[in-house]
Structures are given as C-alpha cells and as structure tokens.
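The structure appears right after this line, and notes come after that.
The values are calculated or read from the model by the stated rules, or taken from the named source; none is laboratory data. Quick caveat: nothing in here was measured; it's all calculated off a predicted structure. Glycine also receives a Cβ, built like all others from the backbone with ideal geometry; neighbour counts cover every protein chain displayed.
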C-alpha cells in the first residue's frame, strides 16, 4: 500500500539524492536530505563541471526512452531555476573499426523510438566535424538533441530549490552496523522510508548486500586549453563525443572550461576516503596521448584543469533500485555505471515512487546476481 504524507530521509546529496528528495517533497512528504558534505562537494561523483546527456544506449529501449523524457525535464528545471543546465551542442559517437556492435544495435532503436540522428561516413565526418582525426573510425552517429549538463551547478541549484520549498538538509555521516542498520552520527536513523543514494559509498555501507555487485572505478578527467583566438573547439561549433573504440569521451569547451577528455579505464580503482582527488601522472599522459591522436589541433596546448572522481560499476551496468532484504523501509539506490546523471530528473521521480510503494521496480534494478552483457545488449556499451 502506498505511503501518504510519509516522513522520509534521503542519504546522499548527489544527483540521485537531490532529485529523489525534491520528488518526495513535491509528493507531500517531509524530507531530510543528509550528506557528509555540502551538495556539490569535491569528492562527489557529480562534482565535475559537466556530464554528457545522450540517448544512445545500444538496443536498450528502456534507458533510451528515459533519456528522452529526462531531456524535457532538464529543460523544465532549467527554466524554473533561470540558469543554464543543458548545453545542447549535440553528441558524436565514433564507431571504431572492428568495435561497432553497440552503435550498430543503436540505429534500429533510434528508428523505432523516433530519436533524431544522422549516420555519417568518415568523409562526411571530416567535413562536418574537422576538429577530430578519423583514421580508425568506421562511421559516426550524430545526435543533435544531445549535449552536456552543467553537473555541479545542477546538483547545487536543485538542492537549494529543495531547501526553498521546505526540505531540510543535514550535515552528518551515515553508517551501518553489523546488521546493516543505518546510523546517523552513531545513533539509529529512523523514518517511514529511507532512500540511500550514496553512489560509490553504497557498497562500503552495505558490504554484504551491495559490495558483491558493485565495483568502484576511478575516473580521471583533464581539461585542455583551446588554441589562441580559435572558437572551433567551443560548444557552439563542436559536439560532445564518445570514442567507443578507445573507451574515451569528452566535451567541447563550455563557458571557457577548455576541452574535456577522459578515458574510461575500468581497472583504475580508488580508495574513496583516502585517495587524493587529483589526476595521476600515468593517466594524464595517457589522456594527452589520446588527444594528440584524436585532435591534432590541440597538440601542444596546455592542460588548464583536472578532475578526479569515481563511479560504481555493476556487471550488467544496470542501476540498483530495491528494498533491503532485511530492512523493509530502506531503499538502496545506486550502481550508476557512469550513465545515471543524464537520467537524473526521471530517475529521482521514479525512486520516489518506488520508495513510497506507488509502484514496483523493474527486474533489471533488483538485488541479486548480475552478469556481464554483450556489447550490443549493454546499455552503456561496456
């Protein structure tokens, strides 16, 4: 039976947390949003300047539909807040030669769901997007209604909106005891419903329940200066990109940030509480080498910023959204696998509905054994 006017707690003020908290509040619940640090803090997975939003999820129609809805909700939230959250510069997916299963499976999905896109040959790519070098690319998929989200701004502004509408934000550390019962600063944490949205820290809190199906991966990002007087690497002229053959992705210079580039190196592990949030030299050099290969116009340009964060990877790259098997009022939320942020407004609303038992959760999100999917079936292509 659905809960009405419930007393709720959301633990973790990243994108999943702030969106869930706002959705619960607008359903008439009292909501306390708890985090160890302020929303948008430097250790959070959501703390970077930008995150990509694109509909491409291979053959997976579920996530593709969600992103299309999320895009509209991001635009509505942007209008409500009166600040830029969505930079619709488009996204280019480069299908690497010999590694096109994910992209190949996307095209029928886009056709079926009516997602706008263009499939470009390498010759067409050279004309349309001359910023990139294409020696090892089979073809490209360009999604014009994709782009970048202003990540930290979105988290901070949504948290402030939540506070203005009557929500409570509490600074404190939530842990679990040997029975995986929640405690806030050493005292039992109680509410009608508690959504735990602590991202990579979820496995650390739930070593029996979550840790076996979540791997914490480090993400190192560098920002490179654009050439003097050259606007071709700015978001008005250059799209975000996903370079699947290299496991790389990035964004053009937005608001003067410089060109963002990252290599999704899934073997790079991070100690959440002890590692410094700086890019290590080996990863920096590897990313620079990649940029020199893919963007000849940036050769010799200097790095102007860096970010180091983390994501929680599940074997099938599906999210986790299910009640704890022993604590029926505790909803476990996470397993983002690097593709949750773009879904933020839809995901948070869905979490609120599941938490209040308005509806159930799909099998793909439930706790239990997880297995790796093929490249074509994986929503993230990993």
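Is one or more of the residues making up the range 47-58 farther than 30 Å from residue 290 by Cα and either touching a helix residue (DSSP H, G or I) at 6+ places or on another chain (Cβ under 8 Å) or crowded, with 20+ Cβ neighbours inside 10 Å (or both)? No, because not a single residue in the range 47-58 is farther than 30 Å from residue 290 by Cα and either touching a helix residue (DSSP H, G or I) at 6+ places or on another chain (Cβ under 8 Å) or crowded, with 20+ Cβ neighbours inside 10 Å (or both). Within the range 278-293, not a single residue is surrounded by 15 or more Cβ atoms within 10 Å (Cβ to Cβ), at pLDDT 95 or above, under 27 Å from residue 365 (Cα atoms) and out of contact with any helix residue (DSSP H, G or I) (no Cβ under 8 Å at 6 or more places or on another chain). Among the residues of the range 135-150, those identified as surrounded by fewer than 17 Cβ atoms within 10 Å (Cβ to Cβ) and in contact with a strand residue (DSSP E or B) (Cβ under 8 Å, 6 or more places away or on another chain) are 136, 144. The lone criterion from (1) within 16 Å of the chain's Cα centre (by Cα); (2) closer than 30 Å to residue 256 by Cβ; (3) surrounded by fewer than 22 Cβ atoms within 10 Å (Cβ to Cβ) left unmet by residue 344 is number (3).
Here the condition is being crowded, with 22+ Cβ neighbours inside 10 Å and touching a residue at least 24 places away in the same chain (Cβ under 8 Å); of 17, 96, it holds for 17 alone. Residues of the range 20-46 that are within 29 Å of residue 220 (Cβ to Cβ) and in a loop (DSSP other than H, G, I, E, B): 36, 37, 38, 39, 40, 41, 42, 43, 44, 45, 46.
So, residue 353, is that one in a helix (DSSP H, G or I), over 30 Å from residue 96 (Cα atoms) and at pLDDT 95 or above or not? Taking the combined requirement at face value, the residue satisfies it. What's the total number of residues in the range 323-338 that are surrounded by 21 or more Cβ atoms within 10 Å (Cβ to Cβ), touching a helix residue (DSSP H, G or I) at 6+ places or on another chain (Cβ under 9 Å) and farther than 18 Å from residue 57 by Cβ? Here the count works out to 4.
I want to confirm something. Restricting to the range 312-322 and keeping residues that are crowded, with 23+ Cβ neighbours inside 10 Å and assigned to a strand (DSSP E or B), which single residue is modelled with the lowest pLDDT? Restricting to residues being crowded, with 23+ Cβ neighbours inside 10 Å and assigned to a strand (DSSP E or B), the top hit is 312.
Going through 237, 179, 218 one at a time, which residue ends up being at pLDDT below 95 and not in a helix (DSSP H, G or I)? If you could, list the steps in order and put the result at the bottom.
Details: 237 fails: at pLDDT below 95; 179 fails: at pLDDT below 95.
Going through 237, 179, 218 in turn, just one is at pLDDT below 95 and not in a helix (DSSP H, G or I): 218.
Checking each residue in the range 96-130 for being under 19 Å from residue 261 (Cα atoms) and either assigned to a helix (DSSP H, G or I) or in contact with a helix residue (DSSP H, G or I) (Cβ under 6 Å, 6 or more places away or on another chain) (or both) picks out only 96.
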